[in-house]
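*Asks:* Take this structure, written in structure tokens, and hold onto it; I'll ask about it next.
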Amino acid sequence: MKIDSGNTAWMLVSTALVLLMTPGLAFFYGGMSRAKSVLNMMMMSFVSIAVVGMAWVVYGYSLTFSAAGGLSSFIGGLGDWGLVGLETAATADDGSGIPQLVFVAFQATFAIITVALISGAVADRVKFGAWVVFALVWVTLVYMPIAHWVWWSDGEENGKAGWLFDLGALDFAGGTVVHINAGVAALALVLVVGKRKGWPRDPMRPHNLPFVLLGAGLLWFGWFGFNAGSALSAGATAAVAFINTLVATCAAAFAWIVVEKLRHGSSTTLGIASGVVAGLVAITPACAFVTPLGALALGLVAGAVCAFAVSLKYKLGFDDSLDVVGVHMVGGIVGALLIGVLGTTAVNDAGADGLLAGGGIGLLGKQAAAVGATLAYSFIVTFVIAKVLDLVMGLRVSEEDEVAGIDSTAHAETAYDFGSVHAGVGASLPAPAKVAENTAKKVEAEA
């Protein structure tokens, strides 16, 4: 098939937008962390790019988007390891007219951010080296199989596909693959690692809310590539996904701060930023399968539900530091299930009709099966991975390092240097000391 330059340009831009989401996530999570661990939190996102990016090229794409004989319903093979031969493949097999390697790169960015999302649940207390190993093992044993179940198809003429794809479960851009997967994995990891020292007794407030808002803005910007880019072409489906990503996020952000106002008497910047992310999460699986009004309704539900869900950690006693479970797992479940209610073929023939479009309960049942399978597989395998790594190398930093801050103990750096003033006379003196010196001289002169 001849390369379509328009679609290729759109997908190159979309790939860059999705990659930008992970640095955006680093700012979002970094701002929500305490000052003594912000660099570690951001490093966990950036090292996910490095580790997953390499693994994806060597074997990840092959395990996710290739056939494996009799096991093809559950996992791919290694026929495309190292992308050997794909560099000369003219186009992807989906009819979009984009080069095969563009699709490879686009999907790599999805795997990267899914791993990075998990890190927010264990802020302040996980060994950096252990996180690197966890990221590699988890993306291999959990992300790749689930992505294969949901998204891989060998074409209508061959009749082979991942078992959830074959079932007819819909996930346009990653509600199950990315968000439910990362959210429930975060819960499993938290249960193994344990609570932060002092939680929930001690306040552990975000140290930099402007960082949080900056991160949320970058995530929203990149998410247009995430959702609309998943159309793999610059056409009507991308347009539907784009407008739905906008309106659902607006609705969720608004719903979150309304819930805050009613429950606590004030609407916060952390709340509206969290509402933005909740809306983005929930619309991800449904963005090309619902109308704009459906997306608005979905966003309102997701924003309100997630605003309540984040408080469950205090009632249930698990220390999900940055609300990965309450936003990503719960938001992903809301979005995936509401496809079964709000879905309509009026916007996309590749979708299906939900309850409100006269499609009956069948689609909702398929969505529930996909949600349940993702929750069960990801939780169990992640829990086993975390337990093994904890026994072999230890996941958690020492209590002394946790109290001192992982930035200084693990990375030999701090985000902020308040120790000196680097301008003017007496620059080597800390500012309070310089003031005291000047005051003493003034008192002495007057005497």
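The values are calculated or read from the model by the stated rules, or taken from the named source; none is laboratory data. Treat the numbers as computed from the prediction; the structure is a model and nothing was measured. Cβ atoms come from the backbone with ideal geometry, glycine included; neighbour counts cover every protein chain shown. These accessible areas exclude ligands, DNA and RNA; they are computed on the full protein's heavy atoms, side chains included. Shrake-Rupley method; radii C 1.70, N 1.55, O 1.52, S 1.80 Å.
*Asks:* Residue under question is Ser62, and the condition is that it be of a type in the set (Ser, Thr, Tyr), free of Cβ contacts under 8 Å to residues at least 24 places away in the same chain, assigned to a helix (DSSP H, G or I) and touching a helix residue (DSSP H, G or I) at 6+ places or on another chain (Cβ under 6 Å); does it hold? Can you show your working first?
*Replies:* On the way: of a type in the set (Ser, Thr, Tyr): yes; free of Cβ contacts under 8 Å to residues at least 24 places away in the same chain: yes; assigned to a helix (DSSP H, G or I): yes; touching a helix residue (DSSP H, G or I) at 6+ places or on another chain (Cβ under 6 Å): yes.
It is true that Ser62 is of a type in the set (Ser, Thr, Tyr), free of Cβ contacts under 8 Å to residues at least 24 places away in the same chain, assigned to a helix (DSSP H, G or I) and touching a helix residue (DSSP H, G or I) at 6+ places or on another chain (Cβ under 6 Å).
*Asks:* Condition first: assigned to a helix (DSSP H, G or I) and of a type in the set (Ser, Thr, Tyr). Now tell me which residues in region 290-318 satisfy that.
*Replies:* If we filter region 290-318 for residues that are assigned to a helix (DSSP H, G or I), which is where we start, we get 292-309, 312-316.
Within region 290-318, just Tyr314 meets the criteria.
*Asks:* List, please: which pairs have Cβ atoms under 8 Å, are six or more places apart or on different chains, and start with a residue in region 165-189 that is within 10 Å of Ser378 (Cβ to Cβ) and end with one that is among the small types (Gly, Ala, Ser) and assigned to a loop (DSSP other than H, G, I, E, B)?
*Replies:* Thr176/Ala169
*Asks:* Can you pull out every residue in region 162-178 that is farther than 21 Å from Met329 by Cα and open to solvent by 10 Å² or more (accessible area, probe 1.4 Å)? Talk me through it step by step, then tell me what you get.
*Replies:* Step one: filter region 162-178 for residues farther than 21 Å from Met329 by Cα, giving 162-163, 166-168.
Those that are farther than 21 Å from Met329 by Cα and open to solvent by 10 Å² or more (accessible area, probe 1.4 Å): Trp163, Asp166, Leu167, Gly168.
*Asks:* Now a separate question. Might you check whether a residue that is in contact with a Lys or Arg (Cβ under 9 Å, 6 or more places away or on another chain), at pLDDT below 95 and open to solvent by 60 Å² or more (accessible area, probe 1.4 Å) occurs anywhere in region 415-424?
*Replies:* yes
*Asks:* From the set of residues in region 68-84 that are hydrophobic (A, V, I, L, M, F, W, C) and either open to solvent by 50 Å² or more (accessible area, probe 1.4 Å) or touching a strand residue (DSSP E or B) at 6+ places or on another chain (Cβ under 9 Å) (or both), which is nearest to Leu167 (Cα to Cα)? Write out each step before concluding.
*Replies:* Step one: filter region 68-84 for residues hydrophobic (A, V, I, L, M, F, W, C), giving 68, 71, 74-75, 78, 81, 83-84.
Imposing the further condition that a residue be either open to solvent by 50 Å² or more (accessible area, probe 1.4 Å) or touching a strand residue (DSSP E or B) at 6+ places or on another chain (Cβ under 9 Å) (or both) reduces the set to 71, 74, 78, 81, 84.
Working: Leu71: 16, Phe74: 13, Leu78: 24, Trp81: 28, Val84: 31 Å.
Checked region 68-84; the qualifying residue nearest to Leu167 (Cα to Cα) is Phe74.
*Asks:* Being within 22 Å of Ala236 (Cβ to Cβ), out of contact with any Asp or Glu (no Cβ under 8 Å at 6 or more places or on another chain) and either open to solvent by 10 Å² or more (accessible area, probe 1.4 Å) or not charged (D, E, K, R) (or both) narrows it down to one of Phe289, Phe318, Phe308, so name that one. Walk me through it before giving the result.
*Replies:* Values: Phe318 fails: within 22 Å of Ala236 (Cβ to Cβ); Phe308 fails: within 22 Å of Ala236 (Cβ to Cβ).
Result of the check over Phe289, Phe318, Phe308: Phe289.
*Asks:* Select from region 343-372 the residues that are touching a Ser or Thr at 6+ places or on another chain (Cβ under 8 Å) and crowded, with 19+ Cβ neighbours inside 10 Å and list them in ascending order.
*Replies:* Within region 343-372, Thr344, Val347, Asn348, Gly351, Ala352, Gly354, Ala357, Ala370, Val371 meet the criteria.
*Asks:* Counting only residues that are in contact with a Gly (Cβ under 8 Å, 6 or more places away or on another chain), open to solvent by 20 Å² or more (accessible area, probe 1.4 Å) and among the hydrophobic types (A, V, I, L, M, F, W, C), how many does region 220-254 have?
*Replies:* 5
*Asks:* Another question about this same structure. Within region 366-373, is even one residue closer than 13 Å to Gly183 by Cβ and either in contact (Cβ under 8 Å) with a residue 24 or more places away in the chain or over 24 Å from the mean Cα position of the chain (by Cα) (or both)?
*Replies:* Within region 366-373, one or more residues are closer than 13 Å to Gly183 by Cβ and either in contact (Cβ under 8 Å) with a residue 24 or more places away in the chain or over 24 Å from the mean Cα position of the chain (by Cα) (or both).
*Asks:* Within region 378-396, track down each residue that is touching a helix residue (DSSP H, G or I) at 6+ places or on another chain (Cβ under 6 Å) and not in a helix (DSSP H, G or I).
*Replies:* Selection gives Met393, Leu395, Arg396.
*Asks:* Might you let me know whether region 346-357 holds any residue that is touching a residue at least 24 places away in the same chain (Cβ under 8 Å), β-branched (Val, Ile, Thr) and within 22 Å of Ala238 (Cβ to Cβ)?
*Replies:* yes
*Asks:* How about region 274-289: which of its residues are β-branched (Val, Ile, Thr) and assigned to a helix (DSSP H, G or I)?
*Replies:* Those that are β-branched (Val, Ile, Thr) and assigned to a helix (DSSP H, G or I): Val276, Val277, Val281, Ile283.
*Asks:* With the condition being under 24 Å from Val38 (Cβ atoms), among the aromatic types (Phe, Trp, Tyr) and at pLDDT 95 or above, I'd like the helices (runs of 4 or more DSSP H) fully within region 177-273 carrying at least 3 qualifying residues. Spell out the reasoning first.
*Replies:* Details: elements: 181-193, 209-228, 236-264.
In region 177-273, the matching helices (runs of 4 or more DSSP H) lie at 209-228.
*Asks:* Only one of Leu213, Leu191, Leu187 is under 19 Å from the mean Cα position of the chain (by Cα) and open to solvent by 60 Å² or more (accessible area, probe 1.4 Å); which?
*Replies:* On the way: Leu191 fails: under 19 Å from the mean Cα position of the chain (by Cα); Leu187 fails: open to solvent by 60 Å² or more (accessible area, probe 1.4 Å).
Matching residue, one of Leu213, Leu191, Leu187: Leu213.
*Asks:* Between Leu170, Leu136, Leu141, which is more than 22 Å from Ile49 (Cα to Cα) and out of contact with any Cys (no Cβ under 6 Å at 6 or more places or on another chain)?
*Replies:* On the way: Leu136 fails: more than 22 Å from Ile49 (Cα to Cα); Leu141 fails: more than 22 Å from Ile49 (Cα to Cα).
Leu170 is the lone residue from the list that is more than 22 Å from Ile49 (Cα to Cα) and out of contact with any Cys (no Cβ under 6 Å at 6 or more places or on another chain).
*Asks:* Which numbered condition in (1) surrounded by fewer than 11 Cβ atoms within 10 Å (Cβ to Cβ); (2) modelled with pLDDT under 95 is the only one that Glu437 fails?
*Replies:* (1)
*Asks:* Conditions first: (1) at pLDDT 95 or above; (2) within 27 Å of Gly6 (Cα to Cα). Leu83 passes all but one, so which condition is the exception?
*Replies:* (1)
*Asks:* Identify all residues within region 1-38 that are surrounded by fewer than 23 Cβ atoms within 10 Å (Cβ to Cβ) and under 22 Å from Gly405 (Cα atoms); write none if there are none.
*Replies:* Pro23, Arg34, Ala35, Lys36
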